[in-house]
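Asker: I'd like to ask you about the structure that follows.
The values are calculated or read from the model by the stated rules, or taken from the named source; none is laboratory data. Here the structure is a predicted model, which is why all the values come from computation and not from measurement. Note that we place each Cβ from the backbone using ideal geometry, even for glycine, and neighbour counts take in every protein chain shown.
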Amino acid sequence: MLSPKQMSRVTIVGHKTIMEQTVNALHGINSFHIEDYNDEELGLKIGKSFENADDVSSKLIKIRSISSFLGIKKTDVGKQNVESLFKELDTKLVELDDEVSKRTDRKNEIENHLKELDALNKELQPFITIPLDLDQYSGYENLAVFSGVVKGDIEFKLSSITKSYELFSDARSGTIVLFVLKEHADAVSDILPEFAFKELRVPEISGLPADLLKKIREDIVNSQNDIQSLNAEIESLRLKYSDFILASDELLSIEAQKSEVPLRVATSEHTFMMDGWVPNEDYDMLVSTVENATNGRAFISRTAVTREEDSIVPIKYDNPKISRPFEEIMNLYSRPRYSEIDPTSLIFITFPLFYGMILGDIGYAVILMGLALGIKKLVKSDAVKPLMNILIYCQISTLIFGVLYGEFLGFPLASLHTEHGIVAGLIPGFETINLFASPFATEMITYPVHRTHLVMTMIVVTALIGVVHINIGYLLGFVNERRKHGIVAAMLEKGSWLVIELGILLLALGYAGYIPSAVGIAVFLIGFVMLLKGEGIKGPIELPALLSNSLSYTRIIAVGLSSIYIASTVNQIAFEMVMPKSFGLMTIFAILIFLFGHALNTVLSIIAPGLHALRLQYVEFFTKFYEGGGIKYNPFGYIRKYTEE
């Protein structure tokens, strides 16, 4: 549980004639992690893809292109038989490709036509009020034509140049079409910039712009109807072929995966050598499967993992089902190395614990748990489900601490007697019970535990929790170091920190007069020398981190108090708006403020406790024992969803 799955290195050697049977057998068990071959010094070379590789790749590209065009989504459908699918694949793929190509070409043709119509529509719009056929805009020997947009009235300026002109204009849009003798064209060109003239392109078609625009709009509507009709046909194809496409994609993906295996293994002229890893528990199954597939012609050898291979062994987690969602938190950081302790099960305990201690509110726990359950039910993604499970675990912890703290959306559940009077609780008759005086401050421990009245006590308690958590890290570091370098190295590098802490504790007892101070000094110096010998000069430099790491856990109370104060402030603002006699519109505003404020705090209640609980794992805890950098176990195989053999 605290270690990854135990692995064995496996080498498979055989004649090239049995390579394909071997690959098929290994693919079927989905347990063999292939180690890519990259050393050609042994006289071996990387192999070549199987003969069907190009054909499979071509078909896979085609089926995925069709899938993309039809908008096929991965859904739960019935599984199709592999043998039957292989028989009909070529024929059905050609048929489907033909059906899709016809509609693709036709749709592209219509869409391009629509773009042309849209461009023509924009070009004709400025001329819609000009009562001239477009043929009349060009083709003159002695006339120059100016078509464009101006600002202001150009006729006065124009008449000073020539009286022989014809001007058509639209006062609203500023569009003009001006006909002048060519001998005056240069003079007219000189005055046009004064009126911010912007030339308009005249479409090279015949007819009145208004009539043409009417026809274009009709053509656009007809083209859009054609596209809708094509979309209906495409939807019909999607419904008809979706099962086939999903199954074919899976089948071809598997075949492509198999056909590329020779590119990852070593080969000679007649033989192949495949190197990789398999969990110890699956080794016998691998041997029997490969031998049955090759009639015993493959040679399989097994070697134990050596210390030198620690960094290259693929890591497969070995955690109980209940703690597996927290493997996502490990993956965000880094997988453990093969010889390291896997802390996933420890995070399963401490992460929700810290989260719950920070948030600790019944109301927010119920809201967030409902949200997590809803998302988990609606979203079928395998990536989302473990995250929602983590959130659910955290809300269970939050609910427990909410009961302990007696809080509901920032309201206290129990009444509390303070120096400033009685703070009323939500539950009538539920009174706070005094238990005993805090040993750390002049505060009274009560039930429910009112965090806002036990700040100093909570600071000390969270710091002590930090000390315990950090020392668990040192103990795990001791185990890791002993596995890697032996007991002496473990004592010097990790045990020295425990000795130093013991020395500090004995010094504190000596300062209080319980034991001689010399005992604490001696133990501390012993630990210091051990640390110096184990970690060198960097060890003593990190000594102040002991205090800062422990104090870092006080963020549990600090972030928790910030959430309480936000919630209570929202409550106070909302209730003051409606109390004692302000009703009507103010009540609506108060409800909106109450809902928006708590919605915002709910979002913060996911982010803040999660980030700080995560930081305590990654920064304060992991740095005491964890190296990480493990390789993900990626077995050669495929989890079938749409096909079956």
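Asker: Quick one: in region 1-19, which of the residues that are in a helix (DSSP H, G or I) and in contact (Cβ under 8 Å) with a residue 40 or more places away in the chain is nearest to the chain's Cα centre (by Cα)?
Answerer: Residues of region 1-19 in a helix (DSSP H, G or I): 16-19.
If we keep only those that are in contact (Cβ under 8 Å) with a residue 40 or more places away in the chain too, we end up with 16, 18-19.
Values: Lys16: 42, Ile18: 42, Met19: 38 Å.
Selected residue: Met19.
Asker: Pick from Asn571, Asn601: which is surrounded by fewer than 19 Cβ atoms within 10 Å (Cβ to Cβ) and either within 34 Å of the chain's Cα centre (by Cα) or over 30 Å from Glu327 (Cβ atoms) (or both)? Working first, answer last.
Answerer: Details: Asn601 fails: surrounded by fewer than 19 Cβ atoms within 10 Å (Cβ to Cβ).
Matching residue, one of Asn571, Asn601: Asn571.
Asker: I would also like to ask the following. Suppose the filter is closer than 22 Å to Gly560 by Cα and either free of Cβ contacts under 8 Å to residues at least 60 places away in the same chain or of a type in the set (Gly, Ala, Ser) (or both); does Glu407 pass it? Working first, answer last.
Answerer: Values: closer than 22 Å to Gly560 by Cα: yes; either free of Cβ contacts under 8 Å to residues at least 60 places away in the same chain or of a type in the set (Gly, Ala, Ser) (or both): no.
In short, no.
Asker: When you look at Lys538, is it closer than 26 Å to Ile341 by Cα and in contact with an Asp or Glu (Cβ under 9 Å, 6 or more places away or on another chain), yes or no? Steps first, answer last, please.
Answerer: Numbers: closer than 26 Å to Ile341 by Cα: yes; in contact with an Asp or Glu (Cβ under 9 Å, 6 or more places away or on another chain): no.
Here the answer is no, as Lys538 does not meet what is asked.
Asker: Write out, first by first residue and then by second, each pair whose Cβ atoms fall under 8 Å of each other, whose residues are 6+ apart or on separate chains, and whose first residue, in region 622-645, is touching a residue at least 12 places away in the same chain (Cβ under 8 Å) while the second is β-branched (Val, Ile, Thr) and loosely packed, with under 14 Cβ neighbours inside 10 Å.
Answerer: Tyr642/Val77
Asker: Collect the residues in region 226-268 that are in contact with a helix residue (DSSP H, G or I) (Cβ under 9 Å, 6 or more places away or on another chain), among the polar types (S, T, N, Q) and part of a helix (DSSP H, G or I), keeping them in residue-number order.
Answerer: Of everything in region 226-268, those that are in contact with a helix residue (DSSP H, G or I) (Cβ under 9 Å, 6 or more places away or on another chain), among the polar types (S, T, N, Q) and part of a helix (DSSP H, G or I) turn out to be Asn231, Ser242, Ser248, Ser253, Gln257, Ser259.
Asker: Can you tell me how many residues within region 98-135 are in contact with a Ser or Thr (Cβ under 9 Å, 6 or more places away or on another chain) and either farther than 30 Å from Gly174 by Cα or not aromatic (Phe, Trp, Tyr) (or both)?
Answerer: Initial filter on region 98-135 (in contact with a Ser or Thr (Cβ under 9 Å, 6 or more places away or on another chain)): 100, 110-111, 113-114, 117, 125-130, 133-135.
Filter once more, so that each one left must be either farther than 30 Å from Gly174 by Cα or not aromatic (Phe, Trp, Tyr) (or both): 100, 110-111, 113-114, 117, 125-126, 128-130, 133-135.
Qualifying residue count for the region: 14.
Asker: I'm told Asp243 meets every condition in (1) under 18 Å from Leu85 (Cα atoms); (2) crowded, with 18+ Cβ neighbours inside 10 Å except one. Can you identify the failing condition by its number?
Answerer: (2)
Asker: Which residue, of Lys115, Lys157, is at pLDDT 90 or above and of a type in the set (Lys, Arg)? Show your work before the answer.
Answerer: Values: Lys157 fails: at pLDDT 90 or above.
Answer to the selection: Lys115.
Asker: Continuing with the same structure: Can you go through Ser223, Ser173 and tell me which one is at pLDDT 90 or above and either outside any helix (DSSP H, G or I) or surrounded by 15 or more Cβ atoms within 10 Å (Cβ to Cβ) (or both)? So that I can check it myself, show each step before the final result.
Answerer: Details: Ser173 fails: at pLDDT 90 or above.
Going through Ser223, Ser173 in turn, just one is at pLDDT 90 or above and either outside any helix (DSSP H, G or I) or surrounded by 15 or more Cβ atoms within 10 Å (Cβ to Cβ) (or both): Ser223.
Asker: So, one more: Is there a residue being surrounded by 16 or more Cβ atoms within 10 Å (Cβ to Cβ) and not in a helix (DSSP H, G or I) anywhere in region 158-167?
Answerer: Going residue by residue through region 158-167, those that are surrounded by 16 or more Cβ atoms within 10 Å (Cβ to Cβ) are 158, 165.
Pick out the ones that are also not in a helix (DSSP H, G or I) and you get 165.
Looking for residues that are surrounded by 16 or more Cβ atoms within 10 Å (Cβ to Cβ) and not in a helix (DSSP H, G or I), one finds at least one in region 158-167, hence yes.
Asker: Would you point out the residue of region 276-294, among those that are free of Cβ contacts under 8 Å to residues at least 60 places away in the same chain and not aliphatic (A, V, I, L, M), that is surrounded by the fewest Cβ atoms within 10 Å (Cβ to Cβ)? Steps first, please.
Answerer: Filtering region 276-294 for residues free of Cβ contacts under 8 Å to residues at least 60 places away in the same chain gives 284, 287-288, 291.
Still in the running and not aliphatic (A, V, I, L, M): 284, 288, 291.
On the way: Asp284: 10, Ser288: 12, Glu291: 14.
Here the answer is Asp284.
Asker: Another question, if that's okay. Only residues that are over 18 Å from Ala489 (Cβ atoms) and in contact with a Ser or Thr (Cβ under 8 Å, 6 or more places away or on another chain): list them for region 505-543, please.
Answerer: Hits for region 505-543 are Leu507, Gly510, Tyr511.
Asker: Same structure again: Kindly indicate whether Ala545 is surrounded by fewer than 19 Cβ atoms within 10 Å (Cβ to Cβ), under 37 Å from the mean Cα position of the chain (by Cα) and closer than 19 Å to Gly473 by Cβ. Spell out how you get there, then give the answer.
Answerer: Working: surrounded by fewer than 19 Cβ atoms within 10 Å (Cβ to Cβ): yes; under 37 Å from the mean Cα position of the chain (by Cα): yes; closer than 19 Å to Gly473 by Cβ: yes.
It is true that Ala545 is surrounded by fewer than 19 Cβ atoms within 10 Å (Cβ to Cβ), under 37 Å from the mean Cα position of the chain (by Cα) and closer than 19 Å to Gly473 by Cβ.
Asker: Residues being over 60 Å from the mean Cα position of the chain (by Cα) and assigned to a helix (DSSP H, G or I): count how many of those fall in region 178-218.
Answerer: First, pick out the residues of region 178-218 that are over 60 Å from the mean Cα position of the chain (by Cα): 178-191.
Among the residues that remain, those that are also assigned to a helix (DSSP H, G or I) are: 182-191.
Number satisfying all stated conditions: 10.
Asker: If you scan region 417-460, which residues turn out to be part of a loop (DSSP other than H, G, I, E, B) and within 20 Å of Ile400 (Cβ to Cβ)? Don't jump to the end; show me each part of the working.
Answerer: So in region 417-460, the residues part of a loop (DSSP other than H, G, I, E, B) come out as 419-420, 424-430, 432, 438-443, 448-450, 454.
Within region 417-460, Gly425, Leu426, Ile427, Phe430, Thr432, Pro448, Val449, His450, Leu454 qualify.
Asker: Are any of the residues in region 86-101 closer than 27 Å to Gly148 by Cα, touching a residue at least 40 places away in the same chain (Cβ under 8 Å), in a helix (DSSP H, G or I) and not assigned by TED's automatic domain parsing to the domain that holds Thr175? Spell out how you get there, then give the answer.
Answerer: Our first condition is that a residue be closer than 27 Å to Gly148 by Cα; within region 86-101, this holds for none.
Within region 86-101 (the criterion being closer than 27 Å to Gly148 by Cα, touching a residue at least 40 places away in the same chain (Cβ under 8 Å), in a helix (DSSP H, G or I) and not assigned by TED's automatic domain parsing to the domain that holds Thr175), the answer is no, since none of the residues qualifies.
Asker: May I ask you to say which residue of Glu235, Glu269, Glu199 is free of Cβ contacts under 8 Å to residues at least 60 places away in the same chain and touching a strand residue (DSSP E or B) at 6+ places or on another chain (Cβ under 8 Å)?
Answerer: Numbers: Glu235 fails: touching a strand residue (DSSP E or B) at 6+ places or on another chain (Cβ under 8 Å); Glu269 fails: touching a strand residue (DSSP E or B) at 6+ places or on another chain (Cβ under 8 Å).
Selected residue: Glu199, the only one of Glu235, Glu269, Glu199 that is free of Cβ contacts under 8 Å to residues at least 60 places away in the same chain and touching a strand residue (DSSP E or B) at 6+ places or on another chain (Cβ under 8 Å).
Asker: Suppose the filter is loosely packed, with under 12 Cβ neighbours inside 10 Å and closer than 20 Å to Leu132 by Cα; does Ser206 pass it? Before the answer, list the steps.
Answerer: Values: loosely packed, with under 12 Cβ neighbours inside 10 Å: yes; closer than 20 Å to Leu132 by Cα: yes.
So Ser206 passes the test.
Asker: Please find, among Phe351, Phe326, the residue that is closer than 30 Å to Phe596 by Cβ and within 21 Å of the chain's Cα centre (by Cα). Don't jump to the end; show me each part of the working.
Answerer: Numbers: Phe326 fails: closer than 30 Å to Phe596 by Cβ.
Of Phe351, Phe326, the one residue that is closer than 30 Å to Phe596 by Cβ and within 21 Å of the chain's Cα centre (by Cα) is Phe351.
Asker: A further question on this structure: Count, please, the residues in region 292-330 that happen to be within 22 Å of Val479 (Cβ to Cβ) and in a helix (DSSP H, G or I).
Answerer: 8
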